[in-house]
Every structure is written in structure tokens, then in C-alpha cells.
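Okay, structure first, notes after.
The values are calculated or read from the model by the stated rules, or taken from the named source; none is laboratory data. Treat the numbers as computed from the prediction; the structure is a model and nothing was measured. Cβ placement follows ideal geometry from the backbone for every residue including glycine, while neighbour counts extend to all protein chains displayed.
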Amino acid sequence: MSKPPYVSFFVSVAWLLFAGGADANLTESRPDDTGGVRVVQDDSSVPEEVLAIGEPGDPFKAHEYEYMQNTYDARGKGSCLYRQGHYGESFPYLLAAAKRGFKFAQARVSFLYQQGLGTDPDAEAAVGWLSVAAVGETHPAIRNSFREVWGRIPDQHRPNYERVVEEYRSKYASRLHRVSCDLSPKTGSYMHALTCRFWDETIHLDIEMILLNEPVRFFPPDADRGAC
């Protein structure tokens with residue numbers, strides 16, 4: 001059985017994923033680790049065993065600290081390499097974060113599959129990842145791009161892509177990975193920023209704050225965390 005033809009993506013996708021300033025909308029707040037408080041840090045250090053990140057776990061079980069830190073590290077590393085144009089290096093890191101429900105990573109993986117950058121081109125994977133990035137609370141550009149792409153799929157291929165969309169959303173939707181996303185105005189700006197974080201960060205933050213009786217300070221959402 002031959003695969004459906006590749007689906008053309010639109011300028012809005014390319015602008016969102018490639019524009020240098022676009023990443024300010026996806027850089028999320030990172031707790032400070034001063035004062036001995038052990039908290040999840042949203043930085044771009046190299047994650048350990050990133051390729052070991054696999055399929056969804058138990059959506060009813062809270063995540064361990066190491067699981068969340070490893071995921072944030074993978075996302076940060078992948079995003080940094082992606083912005084520098086190192087697509088082959090960025091792909092496994094972004095894929096790891098995408099599999100754990102992070103929407104910009106999912107959108108970027110979709111684009112890499114569509115363009116064949118850093119991986120073999122795959123139309124089904126491209127549509128699947130964009131579809132799951134577009135569901136729920138997400139950036140309007142992602143949702144609009146998926147609608148445009150979906151509108152260009154020929155009727156005879158719709159059943160196959162409907163199956164693909166259902167499969168990806170059943171595995172990689174943010175809520176299934178205990179991830180919540182929020183689209184809110186950036187501080188001091190009318191621009192909205194999409195912020196995705198693990199629900200279970202609060203477990204670690206609250207415990208440490210109670211035990212050490214020290215406040216946890218947060219970096220601003222658009223803080224630059226430096227090089228890869």
C-alpha cells in the first residue's frame with residue numbers, strides 16, 4: 001500500500017518555528033536553585049540518557065524529580081540546537097520532549113519530519129505531531145497551521161490521516177503526561193506566551209519549601225538561559 005502524498009506546510013509554521021524571536025514565546029520560567037532548595041530547573045544542559053525516553057508511563061502516577069529534569073534538559077538542548085540550525089543533533093532531544101507532551105517540541109518535530117531535516121521525511125509523522133501540538137491549550141499559530149494543513153489533505157486520504165491523528169493524540173497529548181499548558185500575556189507586553197510545565201513540580205517545590213522554610217524565586221519566562 002502506497003503512502004499518501006506529502007502535505008505542504010504554510011508560512012505561519014515556518015515563521016513560528018524558525019524566527020529567532022519566536023523562541024521568547026516558548027522559553028518558560030525556571031525555578032532558582034540557590035539556597036540549597038532542590039527544584040526542577042528549566043535549562044539547556046545536556047540531559048543524561050535522553051535517548052532512553054520512551055513511551056507514556058502511568059498518567060495517574062506523579063513524576064519523579066529526575067524524570068522531569070531530564071525532560072526539561074532535553075527540550076532546552078533540542079531547542080537550542082534547532083535555533084542554531086543543527087537539525088540532526090536537535091532531533092532526538094526534541095523528539096524526547098515531544099513524546100512527553102511539550103507542544104513546541106511537537107510542532108518542531110513535525111516540521112523536521114515534513115522537511116526531512118535531521119531525519120527521513122515522513123508525512124504521517126509530520127501531520128501526527130502537528131495535530132497533537134494543536135490540541136488543547138496551545139499557540140494560535142500552531143492550531144491555525146494544523147487547520148490549514150488538514151484542509152489541504154485530499155478527501156481520499158482523510159481516513160488514513162484521521163487514524164494517524166487519533167493515534168498521536170491518544171499517546172502524546174499533554175494531559176496524558178501530566179503536563180499543563182497556559183497561554184498568557186508576557187510580563188509588560190501584549191504578546192502571549194505559551195508555557196508548558198509538569199503538574200508535579202509543585203510536589204517537589206512545596207516539600208522543599210516546607211522543610212527548608214525558604215522561598216523559591218523564579219526567573220522571568222523570557223529569560224535567556226545561554227548557549228547549548
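Yes/no matrix, rows are residues, columns are (1) part of a loop (DSSP other than H, G, I, E, B); (2) buried (at least 17 other Cβ atoms within 10 Å of the Cβ); (3) among the basic types (Lys, Arg):
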position	(1), (2), (3)
GLU137	yes, no, no
ALA141	no, yes, no
SER145	no, yes, no
VAL165	no, yes, no
TYR168	no, yes, no
LYS171	no, no, yes
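Take ALA227 and decide whether it is at pLDDT below 90 and either farther than 21 Å from GLY78 by Cβ or within 14 Å of the chain's Cα centre (by Cα) (or both). The answer is no for ALA227.
Counting only residues that are in a loop (DSSP other than H, G, I, E, B) and either modelled with pLDDT under 80 or touching a helix residue (DSSP H, G or I) at 6+ places or on another chain (Cβ under 7 Å) (or both), the stretch 174-223 holds 17 of them.
When the stretch 116-134 is limited to residues that are without any contact (Cβ under 8 Å) to a residue 60 or more places away in the chain and over 19 Å from PRO159 (Cβ atoms), the one that is nearest to the chain's Cα centre (by Cα) turns out to be ALA133. I'd like to check something: does the stretch 73-92 contain any residue that is under 18 Å from PHE198 (Cα atoms) and either outside any helix (DSSP H, G or I) or without any contact (Cβ under 8 Å) to a residue 12 or more places away in the chain (or both)? No, because not a single residue in the stretch 73-92 is under 18 Å from PHE198 (Cα atoms) and either outside any helix (DSSP H, G or I) or without any contact (Cβ under 8 Å) to a residue 12 or more places away in the chain (or both). Each residue in the stretch 119-137 was checked for being modelled with pLDDT of 95 or more and more than 19 Å from TYR161 (Cβ to Cβ), and 1 pass.
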